[in-house]
Amino acid sequence: MPMDLLNTLVEKGLRRELPTREEALAVLATTDDELLDVVAAAGKVRRQWFGRRVKLNYLVNLKSGLCPEDCSYCSQRLGSKAEILKYTWLKADEASKAAAAGVAGGAKRVCLVASGRGPTDKDVDRVSKTIEAIKEQNEGVEVCACLGLLSDGQAERLRAAGADAYNHNLNTSESTYGDITTTHTYADRVETVQQAQAAGLSACSGLIAGMGETDADLVDVVFSLRELDPDSVPVNFLIPFEGTPLAKEWNLTPQRALRILAMVRFVCPDVEVRLAGGREVHLRTMQPLALHLVNSIFLGDYLTSEGQAGQADLDMIADAGFEVEGTDTTTLPGHRAAAGGGCGSGSASSEDGCGSVCGTTSPEEPSVPAAREEARTDLVSVRRRGAGTDLAPNA
């Protein structure tokens, strides 16, 4: 990639201008020899809006497994043979106790996730009580709910209960969405994110990379996210669980994962880009380099898989020269926080520092590098600590 193109991407990122599709595709097509140049360029954009701060998030799985949806990537899907924990709703005090472990580890946001197509009104009541309990016991903590597709009025009720944000990922491009899930549509997901925004919740919506998609698919979903304008974009890397349709999809290398994160940063420069599920499996020892691209990570475990120990995350952040963002710091830049979002184009005057996890290749698009031969399947664990288990949380 010519340095003038990288310089153009940096300049656009500092001005919050949208790169072209060709520029975004060029980031994904860079060689390993160019990788550090790409990381350094995207790192300039990250530091412009977020300095060297890293926001920590902590997942609490309120309800695990037993989902009627058929999302191919998910270990909780209908018909999944994955050996995961299955349990119904945690009580408010149990969930609050689990959240406290993450907050004690430095988490600024607690993400309350429940499997299923979407919540009933009774479920919303139940989650509202949990939100209130967490807020009461943990001053300054943000609470994000991730409960699936929302019905009319439910986002407003969650907001009234004290929820700060709502997560619902687009996961992949609209054109390939039907290949991944058939029990709901891409449009259903977009509508839920828009309902959350309309209710005054901070929208959190991201993607899953590594499901066999093309570079064009990745650019499509990230450009769609830019248009949807969430405040945070979690980037998940597929963990190919045995017992799911995508169990054999080992398509990622650490280098490709870094290119994807860099592309997301260039397209959504002032957004909280969160390194989410699969980072330990696919980035491995390259995780510290990713901190130059993202400004947010999950601490500890995910929904049905273990993360690395929370202390290891904190050590990694410190060793890489970054600092954990405290509850007294505003994550988003002033222009986004004031406007309730705004990844759109336009000049920016402020410099004060700006999940549920979730083709064919045309001749001009480089194929996804195959990494099945070298796949570290030994690193995939379906055990989970904390809530619903006899094991202490690892935060």
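Here is how the numbers come out for the structure above:
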{"quantity": "The one condition in (1) among the aliphatic types (A, V, I, L, M); (2) over 22 Å from Val10 (Cβ atoms); (3) at pLDDT 95 or above; (4) in contact with a Gly (Cβ under 9 Å, 6 or more places away or on another chain) that Leu293 fails to fulfil", "calculated": "(2)"}
{"quantity": "Identity of the residue in region 317-355, in a loop (DSSP other than H, G, I, E, B) and among the aliphatic types (A, V, I, L, M), that ends up modelled with the highest pLDDT", "calculated": "Ala320"}
{"quantity": "Lone qualifier among Ala203, Ala196 - being at pLDDT 95 or above, in a strand (DSSP E or B) and either of a type in the set (Lys, Arg) or under 16 Å from Pro234 (Cβ atoms) (or both)", "calculated": "Ala203"}
{"quantity": "Test result for Gly277, out of contact with any helix residue (DSSP H, G or I) (no Cβ under 9 Å at 6 or more places or on another chain) and either part of a helix (DSSP H, G or I) or crowded, with 24+ Cβ neighbours inside 10 Å (or both)", "calculated": "yes"}
{"quantity": "Top-ranked residue of region 91-125 - restricted to ones that are of a type in the set (D, E, K, R) and crowded, with 19+ Cβ neighbours inside 10 Å, ranked as farthest from Ala276 (Cα to Cα)", "calculated": "Lys108"}
{"quantity": "Residue match in region 201-211 (condition: surrounded by fewer than 24 Cβ atoms within 10 Å (Cβ to Cβ) and not hydrophobic (A, V, I, L, M, F, W, C))", "calculated": "no"}
{"quantity": "Identity of the residue in region 306-316, crowded, with 17+ Cβ neighbours inside 10 Å and in a helix (DSSP H, G or I), that ends up modelled with the highest pLDDT", "calculated": "Met316"}
{"quantity": "Residues (in a loop (DSSP other than H, G, I, E, B) and either crowded, with 23+ Cβ neighbours inside 10 Å or under 20 Å from the mean Cα position of the chain (by Cα) (or both)) located in region 126-149", "calculated": "Val141, Leu147, Gly148, Leu149"}
{"quantity": "Within region 150-183, considering residues that are under 20 Å from Asn236 (Cα atoms) and in a loop (DSSP other than H, G, I, E, B), the one modelled with the lowest pLDDT", "calculated": "Thr181"}
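The values are calculated or read from the model by the stated rules, or taken from the named source; none is laboratory data. Quick caveat: nothing in here was measured; it's all calculated off a predicted structure. For neighbour counting, all protein chains shown are included, and Cβ atoms are generated from backbone atoms with ideal geometry for every residue, glycine included.
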